[in-house]
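Student: Sharing a structure, written as structure tokens. Questions coming.
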Amino acid sequence: MSEPLLRTEGLTRHFRVGKLFSRQVLHAVDEVNFTIGRGEIVALVGESGSGKSTIARLLARVYKPTSGEIYFEGRPLSSIRRRKERLAYASDVPMVFQDPYSSINPAYRVSHGIRRALRLHRKGLGRPEVERLLGEVGLVPPGKLAGKFPHELSGGQRQRVGFAQALAFSPKLIIADEPVSMLDVSIRIGLLNLMSELREREGVSFLYITHDVASARYIADSVLVMYAGHLVEEGPTEDVIQRPKHPYTQLLLSAVPDPRAPLGVSDAADVGEPPKVVNPKEGCRFQPRCPYAIAECETVTPLLRPLGPQRLAACHVAEADVGEPAA
Amino acid sequence: MRFVLRRLGFFVVTLWAAITLNFLIPRLMPGNAALSMMSRYKGHINPNAMHALEVAFGIKTHESLVHAYFTYIGNIARLHFGISLTFFPDTVTHQVLQALPWTLALVGTTTILAFILGTLIGLVAAWRRGGVLDGVLPPIFVITSAFPYFWLALLAIWLFSIKLGWFAESGGYDVTTTVAWSWAFVSDAFRHSVLPAVTILVTSIGGWILTMRNNTITVLAEDYVRMARAKGLSPWRIMWHYAGRNAILPNLTGFAMSLGFVVSGAILVEFVFNYPGVGWMFLQSVENQDYALMQALFLMITVAVLIAILAADGATAILDPRTRDRS
Amino acid sequence: MTLPSAAEAVVEPLEITRRPGADLWRAVAGNRKAVAGVLLLAFFLVLAIFPGQIAPYSGTAEDFGRGLGPSSAHWFGTTAYGQDVLSQLISGTRQSIIIAFAVGGLATAIAVLVGVSAAYLGGVADGVLSLITDVILVIPIFPLIIVIAAYERNSGLFTLVVVLGALGWSYGARQLRSQTLSLRSRDFLEAARVRGERRFYVIVFEIIPTMTSLIVASFLGAALYAVLFAAGLQFIGLGDPNSQSWGTMLYWAENNEALGAGMVYWAIMPGVCVALLGAAFALLNYAFDEISNPALRLRRLERKAAQELEPAPAVAAAPDSEKILEVRGLSVAYASDDGPVVAVDNVDLDLRRGEFLGIVGESGCGKSTLLYAIARLLGAPLAGEITGGQVLFKGRNMVSMTERELRAIRWREYSVVMQSAMNALNPVLTVEAQMRDALKAHSDLSKREIEKRSKEVLRLVSIDPVHLHSYPHQLSGGMRQRAMIAMALLFTPDLIIMDEPTSALDVVAQRSLMVQIKELQERLGFAVIFVTHDMSLVSHFSDRLLVMYAAQVAEFGKTRQLFDKPLHPYTQGLLEAFPSIRGENMRLVGIPGHPPDLLRPPAGCRFAARCPHAHERCAIAPPLYDVEGDLVRCVLYEHDREAVAAR
């Protein structure tokens, strides 16, 4: 199989928390392995505290991994030393942020970020390219909009500018960190469609980070589910959504409100909350809330194991597809 | 507890900085004013005291800087500030202690009074937004906060002493009265302190009123104030426990930071009124090149400010439970 | 699935007629303090630049009689040395202006350098810089300068400026540092970093331009301090006694006992000048504060005589006893910088006992304003006023009730749960204290009974009663939200109003909280009005649903009916905009465009610009039509049924 665009191996990131000499270590991300192929949209789904934002920042090289490695086009990121290489990676893997109100510098016109991106990575391209990019993300007329200040645009328009900024790099993979969660519902679809479209037109891959499973299903080819710093399930989108194997995924899916589903939902109210993972012990982190937990779950940390074609789940109790041996 | 320790640490560091400044400044200044001052002492004081002065002002250069520094600190720790030129042969320490009560009585009480009154007025002004108090006070106090203290003092003297003859023109007390805890003396002292007190009060209160008003307005827009209204609490309770207690917190920090201003103003007021406090003595010592006295008074003033700040910090810690939990 | 083309995503930019630079001018011109400050400053600037042309005589000439009183030749008399006071004043202006601007500039430059670097670099650098800043802030500057000047008298202007500037930056540095710290979490800084900008570039070109108002304020504050301190130093004789300045004038006046000798103007006028110049800076500083902090501006809603609020009857005609709440024709407006904005336009709704009503809509549609208007809780920061209509709660019109009457029924009969409990709970009081507040305000329970009831309601929402003694910041987000709900239940009111209580929670916590709310509702029998932007969430729990668009009711009917057969094109569009995890994964379209500007709403149907079925009839504002119990404001149904009323 050809080398995927991006691959992580044992990606781990810990933070020291607490007072000056404390020994408290927050395990934001632990031993995460996944791949992203060319022209693929991969959704990273999880709630707050699951570690998904930390993964975004690890990929964007805002943080360095505590251990483990990220391979981009076969080369490990830890081998990047010179400024030139750093810039090259930044232009291959840019990020789109969540908050349309803070992702653009309010003191400048909206074309500012795009211009800077072009200046740093694709010299020689000026105004015409800025307008072309604005047009690509659906901001028309681009000439007029390029001269506006951020506070003159709506939230949806600002997010489109964010995408234009990312596209300015001519990227291979865009990390989209909850790009639509702060937008109104009627605007979200437009931006999700834009992401699909960009993948078709430009062949850009996306890592779409979200807590909204439904939107992940809408555009993603494959889904990664995170819980408390661990990757607990992965596989093709439709498969994971329709036949979730990990109990957390099942809980998550059952909690998603669906206007088209019949009324009368009254699942047992689960009042648990994802744990803050500080100095964790061995064992499954979902175990306190899991209805299927067995004795082993408390002492042995489950690893991702294959349960079907391209399907992985980290659970002692999850069953393999029919025909596959339970590993 | 950590909070208290940190503030005490800051106290020590600042005190050390002030002491070191006292030590370094005469050595850094071009020319040697200290030398001329020293010659006036010659023959009048014992060799030990002479040596202490030499150390303090860097006269005998054969002693190493570091050695002199530690000797100096040692002297200060034992409160050996030397002999005052102005009040020869009295010790500096004794003189400082004479002046201290006057300043505490005048500056100390007026500052605290101004803070309390200013905070209350600011709170009420903001509470009755759009009322008479709110419309009239801010512009007036914005202007009065810009008045030089000493000028207001001169005006006060001119108006109330010279023209109207209501109050004494200068001094802390009538020089013909005996200094004692007698009614005659105390009431006389009181009469002499009215004008200086009013001057300080009028100039410094403006700042407190304005900041408290602005803080309160911001707090009144907070959700928890709306909740208090929703709960149907009495306006009195809302103003005190919800608005007031939260709005005063930044004001306390502001108090600490503007003490420097108040102190400078107080020095000038004492000067203009010939009021026998620390500030007046400070300026006298400068006039007379009585550097030993001057240095001690400088330290005294710094310590006073630091104590006031510690008190404000303590009040913040009591009123705001969040400071106690912060590391 | 087929892909939408770029053209489908066409979006019309919002019409903004002014550029932000123009914004500032307007703001300054409209602020009286700013205008006064600018005029004063301009006055002194002119004097400083052209003293020779303006002053009647030279400032140093000692040709006139000594100690003369005011006359037409000498407006303010002469000094004890025979100089003209007025001329001295005018020629002394220059030094004060120079000091103000030079020190202001120097101190601000250092403050920016130190404050921004400290915050941006963080770690040890921040610790050291902050410590230095705090120490300099605390050590009293004036005495320190006096100490320095004591060893080196007669220091010139240059020394004065340098010393004042080198010591006066700490306050500004502190403020700039905290502002930069709060900026550090802003994404555009991270975006700059991620795209490879150098640190220096980020500090100078990305951070500093966003803090211009703070920098200006810092400059003004430093200028003020410089003017006052310089005058003070010169007054006590530590400046150059031969220089031409206001402070030195005061020094010589004091030395000659001018006040006692009757040379009053000589002694007083220089101080007046210092005060006026200082006042100019102070006024500008204060005005700037107001301009950059919108909360400090007081805007009044002007009502034209014809729109005066009609005195509504205290009890309406034939209130329906089945209905616990009836809202008729409620309108709310607030004053914006550009004029009055109608946030809620003629809304009708009703609610039965124990009913769960969901109000949905997108940002800016007025749903929160509507909610708070019903609860009579408008005011900062929403800052709106009810301009018409009635709110009948159990038969009584809340709009015409006084605050005192309202206070009597608040919390007992209806309570409120707000969004984002971090801010809705008083940070300096314990949970217990906040419950006690409410209980004591409306009942006579003893201390023990209060405690008992508080624990009871906490248990209702599955919170361990030990948390009664916690402060809000010690609880997790989900717990805070549940604590708020517990508080709302203290008196088991008939109606609980909820403003997006679950928006800050994760989807699983959201679900469990909603289920809990529904259970409590069914158990205790209270009615609920639940405002949210998440239509699919509330649809599982609500009996009826009200869809708001651009301050108006777009559709209002039974939830299931609305979902199975949405009538209004907006509702249809909304339902189409939710991707689903069940069923086929179809391509969705959403609703292109954006809601109209409520400052100048369109005359006809407000949704027409985005509606796929728009036609000429939409130019007339449609009323609400009743279609099989579902009320819908759309002209598509005008021929089917009769209008409910001409609204």
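Student: If you count only protein heavy atoms with a 1.4 Å probe, what accessible area per residue comes out for the stretch C:180-254, rounded to a whole Å²?
Tutor: Accessible area per residue, the stretch C:180-254: 35 Å².
Student: Using a 1.4 Å probe on the protein heavy atoms only, what accessible surface does C:Thr402 show? Give it in Å² to the nearest 10.
Tutor: Looks like 70 Å² after rounding.
Student: Magnitude of the Cβ-charge dipole of the stretch B:93-319, K/R +1 and D/E -1, about the Cα centre, nearest 20 debye?
Tutor: The dipole magnitude comes to about 1080 debye.
Student: Classify the protein assembly as shown as rounded, prolate or oblate from the Cα gyration tensor: take a ≥ b ≥ c as the square roots of its eigenvalues, call it rounded if a/c is under 1.5, otherwise prolate when a/b beats b/c and oblate if not.
Tutor: Prolate shape, in that a/c is at least 1.5 and a/b is the bigger ratio.
Student: Right, next: Can you give me the three principal axis dimensions of the stretch C:540-647 from its C-alpha atoms, in Å, biggest first?
Tutor: 41, 30, 24
Student: What does the accessible area per residue of the stretch A:63-131 come to in Å², with a 1.4 Å probe and no ligands, DNA or RNA counted?
Tutor: 50
Student: For the residue pair C:Arg587 and C:Ser336, what label-to-label distance in nm results when each label sits 7 Å from Cα along the Cα-to-beta-carbon direction?
Tutor: 3.5
Student: In debye, nearest 20: dipole of the stretch C:516-600 around its Cα centre with unit charges on the Cβ of K, R (+) and D, E (-)? The partial results should precede the final answer.
Tutor: Details: 9 positive and 9 negative charges, 20 e Å.
Charge dipole, the stretch C:516-600, about its Cα centre: 100 debye, nearest 20.
Student: Using the Kirkwood radius over Cα pairs, work out the Stokes-Einstein diffusion coefficient for chain A at 10 °C and 1.306 mPa s, in µm²/s as a whole number.
Tutor: Reported coefficient: 75 µm²/s.
Student: Per the helix-only calculation at 222 nm, which mean residue ellipticity applies to the protein assembly as shown, given -39500 (n - 2.57) for every DSSP H run of n ≥ 4 and division by its residues, nearest 500 deg cm²/dmol? List each step's numbers first, then the result.
Tutor: On the way: 47 runs with 620 residues, N = 1301.
The helix contribution divided over the protein assembly as shown gives -15000 deg cm²/dmol.
Student: While we're here: Pull up the cross-link candidates among the aspartates and glutamates for A:Lys123, meaning alpha carbon to alpha carbon under 19 Å and not fewer than 8 places away within one chain.
Tutor: Hits, sequence-local ones excluded: A:Glu85, A:Asp92, A:Glu131, C:Glu197.
Student: Continuing with the same structure: Taking a 29 Å limit on the Cα-Cα distance, which of the listed pairs B:Lys231/C:Lys394; A:Lys64/A:Lys281; C:Lys323/C:Lys447; C:Lys367/C:Lys452; A:Lys52/A:Lys148; C:Lys518/C:Lys565 fall beyond it?
Tutor: Long pairs (Cα-Cα over 29 Å): C:Lys323/C:Lys447; C:Lys367/C:Lys452; A:Lys52/A:Lys148.
Student: Largest first, what is the accessible-area ranking of C:Met269, C:Met514 with a 1.4 Å probe?
Tutor: Accessible-area ranking of C:Met269, C:Met514, largest first: C:Met269, C:Met514.
Student: To continue, here is another question. Helix A:155-167 versus the longest principal axis of chain A: what angle, 0 to 90°, nearest 10, using Cα atoms?
Tutor: 80
Student: Give me the aspartates and glutamates in straight-line cross-link reach of A:Lys276: C-alpha distance below 16 Å, same-chain residues under 8 apart excluded.
Tutor: A:Asp30, A:Glu47, C:Asp506
Student: Related question: Once both labels are modelled 7 Å past Cα along the beta-carbon direction, what's the C:Leu45-B:Leu159 spacing in nm?
Tutor: Between C:Leu45 and B:Leu159, the label points sit 3.2 nm apart.
Student: Mind listing, in residue-number order, the residues in the stretch C:410-452 that have at least 50 Å² less accessible area with every protein chain present than in their own chain alone (1.4 Å probe)?
Tutor: Residues losing area: C:Trp411, C:Met418, C:Asn423, C:Asn426, C:Pro427, C:Val428, C:Asp437.
Student: Same structure, new question: Which three semi-axes in whole Å describe the equivalent ellipsoid of the stretch C:213-267, each the square root of 5 times a Cα gyration tensor eigenvalue, listed largest first?
Tutor: Numbers: eigenvalues 166, 28, 11 Å².
Result for the stretch C:213-267: semi-axes of 29, 12, 7 Å.
Student: Going 7 Å from the Cα of C:Arg199 toward and past its Cβ, which residues in the stretch C:156-186 have a backbone nitrogen under 12 Å from where you end up?
Tutor: None, by backbone N distance to the label point.
Student: How far is it, in nm, from the label point at A:Phe21 to the one at A:Ala88 when both lie 7 Å from their Cα along the line to the Cβ?
Tutor: 4.6
Student: Related question: For a test of the definition: using alpha carbon positions, the gyration tensor, and the 1.5 limit on a/c, classify the stretch A:88-189 as rounded, prolate or oblate.
Tutor: The shape class here is oblate.
Student: Nearest 100 Å² is fine: what is the total accessible surface buried where chains B and C meet, probe 1.4 Å?
Tutor: 7200
Student: So, one more: Only helices at least 30 Å long along their axis, Cα-based, and averaging 1.0 or more on Kyte-Doolittle count here, so list those DSSP H runs from chain C.
Tutor: Passing helices, by number: C:85-121, C:212-235, C:264-292.
Student: Please give the average number of partner chain Cβ atoms lying within 10 Å of the Cβ of each residue in C:568-579, rounded to a whole number.
Tutor: Taking all residues of C:568-579 together, the mean is 4.
Student: Separate question: Angle between the Cα long axis of helix B:245-273 and the longest principal axis of chain B, 0 to 90 degrees, nearest 10?
Tutor: Helix B:245-273 sits roughly 40 degrees off the main axis of chain B.
Student: Could you work out how far the C-alpha centroid of the stretch A:106-120 sits from that of the stretch C:355-391, in angstrom?
Tutor: 39
Student: Another question, then. Using a 1.4 Å probe and counting only protein heavy atoms, how much accessible surface gets buried when C and A come together, both sides summed, in Å² to the nearest 100?
Tutor: Numbers: alone 33720 and 16950 Å², together 43900 Å².
The buried area between C and A, both sides summed, comes to about 6800 Å².
Student: Right, another one. Return the residues of the stretch A:87-107 for which accessible area with all protein chains present is lower than in the chain on its own by 20 Å² or more; set the probe to 1.4 Å and exclude ligands, DNA and RNA.
Tutor: Residues passing the criterion (a loss of at least 20 Å², heavy atoms only) are A:Ala90, A:Phe97, A:Ser102, A:Ser103, A:Asn105, A:Pro106, A:Ala107.
Student: Defining a contact as two alpha carbons under 8 Å apart and six or more residues distant in sequence, what relative contact order in percent does chain C show?
Tutor: Normalised by residue count, the contact order of chain C is 11 percent.
Student: Next question, about the same structure. Give me the Kirkwood hydrodynamic radius of the stretch C:343-432, using the inverse of the mean 1/r over all pairs of distinct Cα atoms, in Å to one decimal.
Tutor: About 15.0 Å for the stretch C:343-432.
Student: Just the projected area, averaged over all directions, of the convex hull on the alpha carbon atoms of the stretch B:235-276: how many nm²? Let's see the in-between values first.
Tutor: Values: hull surface 17.3 nm².
That works out to 4.3 nm².
Student: Can you give me the P(r) profile for the stretch B:93-319? Cα pairs, bins 5 angstrom wide beginning at 0, each as a whole percent.
Tutor: Calculated over all Cα pairs of the stretch B:93-319, the distribution is 1, 7, 13, 16, 16, 14, 12, 9, 6, 4, 2, 1, 0, 0 percent.
Student: Still on this structure: Could you please state, rounded to a whole Å, how far the C-alpha centre of the stretch A:224-256 is from the C-alpha centre of the stretch B:300-323?
Tutor: 53
Student: If you roll a 1.4 angstrom probe over the protein chains with everything in place, what fraction of the accessible area of the protein assembly as shown belongs to carbon and sulfur, to the nearest %?
Tutor: 59
Student: Each residue of the stretch C:557-566 in order: what ³J(HN,Hα) in whole Hz does its phi give by Karplus 6.51 cos²θ - 1.76 cosθ + 1.60, θ = phi - 60°, with x for Gly and Pro?
Tutor: x, 5, 3, 4, 4, 4, 6, 6, 9, x
Student: Between the stretch A:20-50 and the stretch C:610-638, what's the alpha-carbon centroid distance in Å?
Tutor: Each part's Cα centre sits 49 Å from the other's.
Student: Apply the Karplus curve 6.51 cos²θ - 1.76 cosθ + 1.60, θ = phi - 60°, to the phi angles in the stretch A:113-118 and return the couplings in whole Hz, x for Gly and Pro.
Tutor: Here the 3J(HN,Hα) series is x, 5, 4, 4, 4, 5 Hz.
Student: If you fit an axis through the alpha-carbon atoms of helix A:185-202 and take the longest principal axis of the Cα set of chain A, what angle between them do you get, 0 to 90°, nearest 10?
Tutor: 80
The values are calculated or read from the model by the stated rules, or taken from the named source; none is laboratory data. On a predicted model such as this, the values are computed, not experimentally measured, just so you know. Positions of Cβ are generated from backbone atoms using ideal geometry, with glycine treated the same way; all protein chains shown enter the neighbour counts. These accessible areas exclude ligands, DNA and RNA; they are computed on the full protein's heavy atoms, side chains included. Shrake-Rupley method; radii C 1.70, N 1.55, O 1.52, S 1.80 Å.
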